[in-house]
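**Student:** Dropping the structure in here first, questions after.
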Amino acid sequence: MDLLKIVLLFMTIVWFIFSFVFADGNSEKGKAFFNDPLFAGARAGKSCSSCHPEGKGLDKPGSKKEFSIMGERQSGIDESVNFCIVHALKGSALNPQSEDMVNIISYIRSLRDGK
């Protein structure tokens, strides 16, 4: 009986980890965030789409691993998103593993795919 509980617990933990790690995110929610001037506590009165209407200029970031924004380097798309949130939108950086971050990255990647 104890072995069965351990195996079930282990399988549940493995399922949870894999479902989170391989989650694609919700690009529709990400699109809503992208257009929301209050996203991430933004105080600048603008949204991501203010600088990138309809995703303009974001067709390649979905496939890049290193970025340079305003002369500063970011080592991932999550760092780039947070850089823009903090500097352009005057908001608060997101936790890179948060659902909001996963969703907005999913939307940005969908732009690369032409969706």
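The values are calculated or read from the model by the stated rules, or taken from the named source; none is laboratory data. Since the model is a prediction, treat every value here as computed from it, not as a measurement. So basically every Cβ, Gly included, is an ideal-geometry build from the backbone, and we count neighbours across all protein chains shown.
**Student:** Quickly run through segment 61-77 and pick out the residues that are at pLDDT below 85, part of a loop (DSSP other than H, G, I, E, B) and touching an Asp or Glu at 6+ places or on another chain (Cβ under 9 Å).
**Tutor:** Once the filter is applied, which keeps residues that are at pLDDT below 85, part of a loop (DSSP other than H, G, I, E, B) and touching an Asp or Glu at 6+ places or on another chain (Cβ under 9 Å), segment 61-77 yields only 62.
**Student:** Across segment 40-60, what is the total count of residues that are of a type in the set (D, E, K, R), at negative phi and in a helix (DSSP H, G or I)?
**Tutor:** Our first condition is that a residue be of a type in the set (D, E, K, R); within segment 40-60, this holds for 43, 46, 54, 56, 59-60.
In the following step, the residues that additionally are at negative phi were identified as 43, 46, 56, 59-60.
Of the ones still in play, those that are also in a helix (DSSP H, G or I) are none.
Within segment 40-60, residues that are of a type in the set (D, E, K, R), at negative phi and in a helix (DSSP H, G or I) number 0.
**Student:** Then there is this: I need the full set of residues from segment 84-115 which are touching a Ser or Thr at 6+ places or on another chain (Cβ under 9 Å), part of a loop (DSSP other than H, G, I, E, B) and of a type outside the set (Gly, Ala, Ser), in order please.
**Tutor:** Passing the criteria: 89, 115.
**Student:** Looking for something within 22 Å of residue 45 (Cα to Cα), without any contact (Cβ under 8 Å) to a residue 24 or more places away in the chain, surrounded by 14 or more Cβ atoms within 10 Å (Cβ to Cβ) and not small (Gly, Ala, Ser) - is there at least one such residue anywhere in segment 86-99?
**Tutor:** Yes, because at least one residue in segment 86-99 is within 22 Å of residue 45 (Cα to Cα), without any contact (Cβ under 8 Å) to a residue 24 or more places away in the chain, surrounded by 14 or more Cβ atoms within 10 Å (Cβ to Cβ) and not small (Gly, Ala, Ser).
**Student:** While we're here: Anything in segment 76-105 that is small (Gly, Ala, Ser) and within 20 Å of residue 66 (Cβ to Cβ)? List them, or say none.
**Tutor:** 76, 80, 88, 93 - these are the residues of segment 76-105 that are small (Gly, Ala, Ser) and within 20 Å of residue 66 (Cβ to Cβ).
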